[in-house]
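The next block holds one structure in the form of structure tokens; read it before the comments.
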Amino acid sequence: MKRIRRMKMLYLMLLLPVVHLAIFHYAPLYGIVIAFKSYKPGLGIWNSPWNGLEHFRNMLGDFAFLRAVRNTFAISFLRLIVGFTLPIAFAMLLNEVIHTRFKRAVQSISYFPHFMSWIIVASMVVEIFSPERGVINNLIVMFGGDPILFLSSKTYFVPVLILTDVWKEVGWASILYLASIASISPELYEAASMDGANRFHRMRYITLPSLAPVIVILFLLRLGNILNGGFDQILNLYNPLVYEVGDIIDTYVYRVGLEQFQFDYSAAVGLFKNVVGLAFLIVANQFVRRRSEYGVW
């Protein structure tokens, strides 16, 4: 209690996210039961009849659901490979910049897109890749090519998703790595320089190993969200022409639950998604803990 009174302002700052977590993440958990019921809005959640695992059996036989699972894994793994590694490389390269003002300017510019909503970013992407007035297609036509329907093409839609996601989040995702690099003792770099190590050697043998704990923990947390394929981004960019490659579990749940009013079935799909994500996190954490001293718990 003495420690709590001494740090009461810190606990007060912590109160708001805890309340938010309790109200919007834990309180709605009682609604999970509708995944095992034939939900009737007029009867309410508890008075609706039970149907066991019928929704889950229907789910495994639904082509659209299986396609959404496949697309979710494909897009999420691409995000994991590209969107997770680039912030590390960006932070390490930015750390090597000597000019302080230029470094701060690059940081500020790279952070800015994170604070833009996907509605705004999607509007910009639609204009940039527009076949009639987009900058990209104007350049293609200028060099003798034909306009490309980037957002309606199964070939180009996923690369556009990954590219825009990296552009929006790479700067913000590098903050933790830059903070970790700032805590590395300068004496290590000085000793390495005296031994003849160049900048590449210092990045490889000092900076990267020092970032290992942060990299492992953030990687595990990303694995726990492996089935979050980027709902806001895809919802604002996709269309029926690219459902085959762009429809993910979240957009599938949105269409089935809110547009077709199948609340019980969509709850079953959402439960499946969260259980699989939790399983990924537990298995990956145990695998890492057996081979290193790092882990989420």
Given springs between every Cα pair under 10 Å in a Gaussian network model of the chain, which of A182, A89, A191 has the largest fluctuation? A191
Summed over the other residues with a beta carbon less than 14 angstrom from that of V253, with K and R at +1 and D and E at -1, the charge totals -3
Between F143 and N51, 0.36 nm times their residue separation minus their Cα-Cα distance comes to what? 27.0 nm
Relative to the longest principal axis of the C-alpha atoms of the chain, give the angle of the C-alpha long axis of helix 157-173, reported between 0 and 90° and rounded to the nearest 10°. 50
What angle do you read, to the nearest 10 degrees and between 0 and 90, between the alpha-carbon axis of helix 100-111 and the longest principal axis of the chain? 10
Within a Gaussian network of the chain (alpha carbon springs, distance under 10 Å), most fluctuating of E244, E96, E187: E187
Are any of the pairs K37/K154; K37/K273; K8/K273 more than 28 Å apart by Cα-Cα distance, and if so, which? K37/K154; K8/K273
Assign unit charges at the C-beta atoms only (+1 for Lys and Arg, -1 for Asp and Glu), then state the dipole size of region 70-291 relative to its Cα centre in Debye, rounded to the nearest 20. 640
How tilted is helix 63-78 with respect to the longest principal axis of the chain? Cα atoms for both, answer in degrees (0 to 90, nearest 10). 10
How much net charge surrounds Y189 when only the other residues with a Cβ under 15 Å from the Cβ of Y189 are counted, with Lys and Arg +1 and Asp and Glu -1? -1
Excluding A173 itself, calculate the net charge of residues whose Cβ lies under 12 Å from the Cβ of A173, where each Lys or Arg counts +1 and each Asp or Glu counts -1. +1
Within 10 Å, at most 12 other Cβ atoms, and a DSSP state outside H, G, I, E, B define an exposed site. Report the longest part of the chain free of exposed trypsin sites (Lys or Arg not before Pro). 155-297
Cα centroid separation - region 77-144 against region 148-206, whole Å: 13
Taking θ = phi - 60°, what integer Hz values does the Karplus form 6.51 cos²θ - 1.76 cosθ + 1.60 yield along region 146-154, in sequence order, with x for Gly and Pro? 9, x, 10, 7, 4, 7, 10, 9, 5
Report the percentage of all Cα-Cα pairs in the chain whose separation exceeds 30 Å, rounded to a whole percent. 50
To make sure I understand the rule: partners must be lysines, Cα under 27 Å from the Cα of K103, and not fewer than 8 residues away in the same chain. Which ones qualify? K168
Return the single residue from G144, G277, G230 with maximal mean-square fluctuation; model: Gaussian network over the chain, springs between Cα atoms under 10 Å. G144
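Bear in mind these aren't lab numbers, they're just calculated from the coordinates by the rules spelled out. Small disclaimer: the values here were computed from a predicted structure and weren't measured. Neighbour counts are summed over all protein chains in view; Cβ atoms, including those assigned to glycine, are modelled from backbone coordinates with ideal geometry.
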